[in-house]
Amino acid sequence: DTGVSQNPRHKITKRGQNVTFRCDPISEHNRLYWYRQTLGQGPEFLTYFQNEAQLEKSRLLSDRFSAERPKGSFSTLEIQRTEQGDSAMYLCASSLPRQETQYFGPGTRLLVL
Amino acid sequence: TQLLEQSPQFLSIQEGENLTVYCNSSSVFSSLQWYRQEPGEGPVLLVTVVTGGEVKKLKRLTFQFGDARKDSSLHITAAQPGDTGLYLCAGAARAGGTSYGKLTFGQGTILTVHP
């Protein structure tokens, strides 16, 4: 399977703990995006990378959130000091250079207790 | 801020009926994508429309991009229970030939097709 992969698929954590999610994009895609989706809503943009450069961050991405893509391949999204309001599906997507069509991974479902 | 208004939010129909989902905005998009999402899974791409007035067909699904590239519709003919899911429209914008990168999503339409 050469689609976008995300790990873990599910994460349950206690409030105040740190969590890290990983995304592996489609191999030839140089753009990688993170979105957050809450129940009953469409996904909301968080941030995106072109190769290893983080080009845009949403205001939704508070100081507790950090994303990296150090070698321009996989990316990690870390949430520090999790809060119950962070509970959501975190989606990763990738796209070809200069293409707007994005392909999504299966997502990581986070539940903060 | 670009917004996409998607309607209806919920749609419950019988197998064999036709339906249309609408996606409207006051903003111009360089392209618009439609996705279908199952519970607990990521969105799966159905189609990308790029040209104003473009119509694309995918079996029983017909997608249309408005002439002004501000709106789009998804029409399903003879719906089947397998069409049940969340349908999302998402617009991409660009400036000066460079894509902004991010997609702006509508709220989604939850479609239930009863046998």
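Kirkwood analysis of the Cα pair distances in chain B returns a hydrodynamic radius of 14.3 Å.
Note on the protein assembly as shown: Kirkwood hydrodynamic radius from all Cα pairs is 18.1 Å, rounded to one decimal.
Ligands, DNA and RNA left out, the accessible area of chain A computed with a 1.4 Å probe is 45% carbon and sulfur. Available extension along the chain between B:Tyr22 and B:Ile110 is 30.4 nm, counting 0.36 nm per residue and deducting the alpha carbon span. Ordering of B:43-50, A:28-35, B:24-31, A:70-77 by packing is A:28-35, B:43-50, B:24-31, A:70-77, highest average first (other Cβ atoms within 10 Å, averaged per residue).
Look at the alpha carbon pairs under 8 Å that are at least 6 residues apart: their mean separation over the length of region B:46-115 gives a relative contact order of 23 percent.
When you restrict to C-alpha pairs under 8 Å that are six or more residues apart and normalise by the size of chain A, the relative contact order lands at 37 percent. Modelled this way, with points 7 Å down the Cα-to-C-beta line, the labels at A:Gln80 and A:Glu68 are 1.2 nm from one another.
Within region B:32-87, the trypsin sites (Lys or Arg not before Pro) that combine a DSSP coil assignment with at most 10 other C-beta atoms in a 10 angstrom radius are B:Lys59. Along region A:88-97 the Karplus relation, 6.51 cos²θ - 1.76 cosθ + 1.60 evaluated at θ = phi - 60°, assigns HN-Hα couplings of 4, 9, 9, 10, 10, 9, 9, 8, 6, x Hz to successive residues, with x for each Gly and Pro. Charged side chains reduced to their Cβ positions (Lys and Arg at +1, Asp and Glu at -1) give chain B a dipole of some 380 debye around its Cα centre. Using 0.36 nm per residue and subtracting the Cα-Cα separation, the extra length available between A:Arg59 and A:Thr101 on full extension is 12.8 nm. Once the chain from A:Arg109 to A:Thr20 is taken as fully extended at 0.36 nm per residue, the excess over their C-alpha distance is 30.8 nm. Comparing A:Gln54, A:Gln80, A:Gln99 in a Gaussian network model of chain A, where Cα atoms under 10 Å apart are tied by springs, the biggest mean-square fluctuation is seen for A:Gln99.
I'd like to know how chain A sits against the 2.2 N^0.38 Å rule of thumb: what's its Cα Rg over that expected value? Normalised by 2.2 N^0.38 Å, the Cα Rg of chain A equals 1.00.
The values are calculated or read from the model by the stated rules, or taken from the named source; none is laboratory data. This one's a predicted model, so the numbers in the text were calculated from it and none came from an experiment. As a convention, Cβ positions derive from the backbone with ideal geometry for all residues, glycine included, and neighbour counts pool all protein chains shown. We work out accessible area using only protein heavy atoms, side chains counted, and drop any ligands, DNA or RNA first. Shrake-Rupley method; radii C 1.70, N 1.55, O 1.52, S 1.80 Å.
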